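Q: Starting off with a structure, shown below.
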Amino acid sequence: MMSMGIARRLDVFPARRPEPLAHGYAAQADPFQLEIIETRARFDAIASDWNDLFERAGLAAQAFQTHRFLSCWADRYLVDDCKLAIVAAWREGRLAMVWPLVRKSRIGLKRLIWMGEPAVQFGDVLVEDGAITLELLLTGWNTVRGMNVDVIHLRKVRADSRIAPILARAQLAVLLTEGAPFLELSSAPVWSEYEKRYSAKARSARRRLARRLAETGCISFDHCPAGPLASALALEAIGFKRRRFLQQGWVAPTVEDARFEALVSDLAALPGSRLSVIRRDGAAIGIEFSLTCKDQAFGYIIAHDPDFEKLSVGILLAEFTLRSAHAQGITRFDLLAPPDAYKMDWADGTVGVDDLGLGLTPLGRLYMRIWAKDGRARVKRLMRKMPRWLTNTLANAYARMKG
């Protein structure tokens with residue numbers, strides 16, 4: 001399957017606030033009631049309604065729009081400069097649509113972003129299936145577009161998401177296009193059949209790596225159920241990532257943030273998480289943490305002890321994770337964006353993932369021009385061109401600053 005991007009690219013810097021999208025047909029009289037949820041108490045109060053909507057109409061790829069995930073996020077990230085702006089629609093007393101959004105203010109710039117940033121992997125809208133779906137989405141977008149913000153910045157919108165067709169019709173700019181690799185595990189009844197899609201040379205190489213690792217100590221491959229031990233191992237996986245970033249001179253603000261660490265710990269303790277671990281002589285050397293939703297899995301963190309880099313623990317961990325997911329009845333394993341080379345070595349295909357933005361005020365359009373579209377990429381290119389000693393110095397200084 002080839003990568004699928006959102007349908008078309010639109011004007012990056014519209015000269016004025018765009019007009020509302022036209023509805024496809026005449027709306028019924030008061031077919032639904034809109035509500036903008038701005039308090040944590042109200043968000044908590046509709047948990048059962050949110051869960052019912054997700055059960056009826058949620059997609060597996062909307063694992064990051066569950067009330068449980070976003071509640072854990074709110075426990076850690078909902079602070080003074082971040083305010084809820086959730087657009088909800090009710091129909092005949094039942095929750096029919098949710099746009100999980102927040103207002104984020106910094107240095108005078110007011111942004112509207114997905115609730116869950118920066119930890120959310122895919123952003124989308126929950127919406128009831130049926131004849132009124134389009135009407136709900138169009139009304140929701142026009143409500144969002146009319147909010148008092150400088151810029152709407154919606155990252156990681158999948159091409160197969162509910163909201164992608166609506167955003168393709170609106171005046172948003174495509175700021176970045178990536179792909180989310182996936183494995184279609186349901187395409188073969190057993191793992192031995194599935195892995196035949198990999199070359200005999202690759203399969204033989206992994207067996208050789210396993211033998212070489214076994215020569216270094218007592219090796220075990222295990223699963224850990226959700227709970228305190230899973231939380232501890234997930235935190236250890238973050239520690240592996242931080243050490244690797246530090247060694248390579250990378251700065252990763254999201255992973256370095258103590259709030260992300262706390263969020264991952266919370267999620268690992270809840271049903272719906274799965275964790276795989278490789279141990280040598282009882283000590284974890286490779287850890288994979290993923291979220292499951294409707295028979296699909298999303299690889300949230302996969303990391304190994306940098307001291308075992310030369311023993312290819314990462315490759316063996318990936319194989320164990322995927323083989324065991326297949327055995328557990330996972331139909332698709334999503335490796336998330338970006339489509340790094342090591343992910344593509346395993347993947348059957350990719351789904352397009354776009355970052356989208358719309359400047360609504362002069363300040364918002366300036367933000368789009370200077371930072372959102374090209375600024376991040378320029379910083380990354382600059383970091384890659386820096387000598388290793390300088391990036392290591394910056395990474396160490398950042399680590400000390402974070403405490």
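Please treat every number below as a calculation from the coordinates, not as lab data. What you see is a predicted model; the values in this text were computed from it and never measured. Because the Cβ atoms are built from the backbone with ideal geometry, glycine has one as well, and the counts that use them run over all protein chains shown.
Q: Over the Cα atoms, compute the radius of gyration (one decimal) and Dmax (the largest Cα-Cα distance, rounded to a whole number) for region 132-194, in Å.
A: 17.3, 55
Q: So if each residue of separation counts as 0.36 nm, and I subtract the Cα-Cα distance between residue 294 and residue 348, what length gain in nm does that give? Intermediate results must be reported in sequence, preceding the final value.
A: Values: separation 54, 0.36 × 54 = 19.44 nm, distance 1.97 nm.
Computed gain between residue 294 and residue 348 is 17.5 nm.
Q: Cα-based Rg of region 204-285 per 2.2 N^0.38 Å, rounded to two decimals? All intermediate terms of the calculation are to be shown ahead of the outcome.
A: Working: Rg = 14.9 Å, N = 82, 2.2 N^0.38 = 11.7 Å.
Working it through for region 204-285, the quotient is 1.27.
Q: Here is the link list: 83/343; 294/343; 156/241; 110/241; 156/310. Which ones come out longer than 30 Å on Cα distance? Could you put the intermediate results ahead of the total?
A: On the way: 83/343 35 Å; 294/343 22 Å; 156/241 22 Å; 110/241 32 Å; 156/310 33 Å.
Flagged as over cut-off: 83/343; 110/241; 156/310.
Q: Pull out the extension gain between residue 41 and residue 247, defined as 0.36 nm times the separation in residues minus the alpha carbon to alpha carbon distance; nm, one decimal.
A: Numbers: separation 206, 0.36 × 206 = 74.16 nm, distance 4.29 nm.
Contour length minus the Cα-Cα distance gives 69.9 nm.
Q: Give me the Å³ per residue figure for the convex hull around the C-alpha atoms of region 164-230. If you can, show how the numbers build up before the last one.
A: On the way: hull volume 17.1 nm³, N = 67.
With only Cα atoms used, region 164-230 gives 256 Å³ per residue.
Q: Also: Consider just the alpha-carbon atoms of region 266-348 and return their Rg together with their Dmax, both in angstrom.
A: 12.7, 36
Q: Given axes a ≥ b ≥ c from the Cα gyration tensor, I'd like to know whether region 60-203 is rounded (a/c under 1.5), prolate (a/b larger than b/c) or oblate. Please report the intermediate quantities before stating the final value.
A: Numbers: a/c = 2.03, a/b = 1.66, b/c = 1.22.
Because a/c hits 1.5 or more and a/b exceeds b/c, region 60-203 counts as prolate.
Q: To test your reading of the geometry: what angle, between 0 and 90 degrees and rounded to tens, separates the Cα axis of helix 133-145 from the longest principal axis of the chain?
A: 80 degrees
Q: In addition: Taking 41 Å as R0, compute the FRET efficiency from the Cβ-Cβ separation of residue 94 and residue 184 and round it to 0.05. Walk me through the numbers on the way to the answer.
A: On the way: r = 34 Å, r/R0 = 0.83.
FRET efficiency, residue 94 to residue 184: 0.75.
Q: Please report the base-10 log of the normalised intensity I(q)/I(0) for region 185-330, using a Debye sum with one equal scatterer per alpha carbon and no solvent, at each q in 0.15 (1/Å).
A: Results for region 185-330 at q = 0.15 Å⁻¹ read -0.81.
Q: Can you give the relative contact order of the chain as a percent, counting alpha carbon pairs under 8 Å and 6+ residues apart?
A: Values: 719 pairs, mean separation 95.1, N = 403.
24 percent.
Q: OK, next. What is the spread of the Cα atoms of region 81-160 along each of their three principal axes, largest first, in whole Å?
A: Sorted from largest, the Cα extents of region 81-160 read 42, 25, 18 Å.
Q: Taking every pair of alpha-carbon atoms in the chain, what share in percent sits in each 20 Å bin, from 0 to the bin with the longest distance?
A: With 20 Å bins starting at 0, P(r) equals 25, 57, 18, 1.
Q: Determine the calculated [θ] at 222 nm for the chain from helices alone, applying -39500 (n - 2.57) to every DSSP H run no shorter than 4 residues and normalising by the residue count; nearest 500 deg cm²/dmol.
A: Working: 15 runs with 152 residues, N = 403.
After summing the helix terms and dividing by the residues of the chain, the value is -11000 deg cm²/dmol.
Q: Shape call for region 45-96 from the C-alpha gyration tensor, a ≥ b ≥ c root eigenvalues: rounded (a/c under 1.5), prolate (a/b greater than b/c) or oblate? Could you put the intermediate results ahead of the total?
A: Values: a/c = 2.36, a/b = 1.48, b/c = 1.60.
Oblate, because a/c is 1.5 or more while a/b does not exceed b/c.
Q: Any idea how far apart residue 232 and residue 105 come out in nm if each label point goes 7 Å out from Cα toward Cβ?
A: 4.3 nm
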